[in-house]
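What follows is a single structure, written as structure tokens, with notes after it.
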Amino acid sequence: MIAHIVLFRPKAGLSQDQLRSFARSIKATIEGSEGLRRGTVGRAVAINAGYARHLDNSTYPFAAVLEFESADALVKYLVKPAHQTLGRLFWEYCDGTVVTEFESEELGNVDADWFLM
């Protein structure tokens with residue numbers, strides 16, 4: 001499985017209508033994407049674990065995590081015109097974005113060698 005992870009910070013000063021429009025665009029682009037196993041979006045939260053932790057949830061207060069069946073399925077999603085349009089909206093509406101991908105396995109399917117390069 002390939003996880004496509006997007007952390008982002010909308011620009012200050014956007015109106016609520018602009019933020020809603022952006023959120024609807026994210027949802028519409030993700031929903032129904034071929035090869036998508038799971039898609040989640042969310043807002044950063046501060047969790048009190050009972051010990052000191054360095055947290056900076058203000059840097060990227062929002063995230064989208066999309067899990068695709070394969071790298072090919074992710075590429076098909078990334079080159080879709082709807083995703084290209086969404087990419088332009090990220091440039092327009094965000095002043096900070098981090099995008100990364102991870103190949104992942106269910107925990108029960110791996111041994112300690114998963115960490116070896």
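Quick note: the coordinates plus some simple rules give every number you see, no bench work behind them. This is a predicted model, so every value here is computed, not measured. Reconstructed Cβ throughout: ideal geometry from the backbone, glycine too, with neighbour counts over all protein chains shown.
Quick notes on this structure:
- Matching residues, segment 1-36, being farther than 19 Å from VAL98 by Cβ and touching an Asp or Glu at 6+ places or on another chain (Cβ under 6 Å): MET1, GLY35
- Tabulated pairs, segment 12-36, first at positive phi, second among the charged types (D, E, K, R), C-beta under 8 angstrom, 6+ apart or interchain: GLY35/GLU69; GLY35/ASP72; GLY35/LYS76
- Residue list for segment 38-69, restricted to those being out of contact with any Ser or Thr (no Cβ under 6 Å at 6 or more places or on another chain), surrounded by 13 or more Cβ atoms within 10 Å (Cβ to Cβ) and either closer than 25 Å to GLU106 by Cβ or among the charged types (D, E, K, R) (or both): GLY39, VAL41, ALA63, ALA64, LEU66, GLU67, PHE68, GLU69
- Residue check for ARG37: out of contact with any Lys or Arg (no Cβ under 9 Å at 6 or more places or on another chain), part of a strand (DSSP E or B) and not hydroxyl-bearing (Ser, Thr, Tyr): yes
- Considering the conditions (1) on the phi < 0 side of the Ramachandran plot; (2) loosely packed, with under 13 Cβ neighbours inside 10 Å, ILE2 is excluded by exactly one of them, (2).
- For GLY87: the one exception among (1) in contact (Cβ under 8 Å) with a residue 60 or more places away in the chain; (2) closer than 13 Å to VAL6 by Cα: (1)
- Residue list for segment 70-84, restricted to those being out of contact with any strand residue (DSSP E or B) (no Cβ under 7 Å at 6 or more places or on another chain), surrounded by 10 or more Cβ atoms within 10 Å (Cβ to Cβ) and not in a loop (DSSP other than H, G, I, E, B): ASP72, ALA73, VAL75, LYS76, LEU78, ALA82, HIS83, GLN84
- Positions within segment 85-113 being surrounded by 11 or more Cβ atoms within 10 Å (Cβ to Cβ) and over 29 Å from SER58 (Cβ atoms), in sequence order: VAL110
- The listed residues are ARG38, ARG43, and the only one of them that is closer than 16 Å to CYS94 by Cβ, of a type outside the set (Gly, Ala, Ser) and out of contact with any Gly (no Cβ under 8 Å at 6 or more places or on another chain) turns out to be ARG43.
- If the condition is being surrounded by 12 or more Cβ atoms within 10 Å (Cβ to Cβ) and within 17 Å of the chain's Cα centre (by Cα), then segment 12-26 contributes LEU19, PHE22, ALA23, SER25, ILE26.
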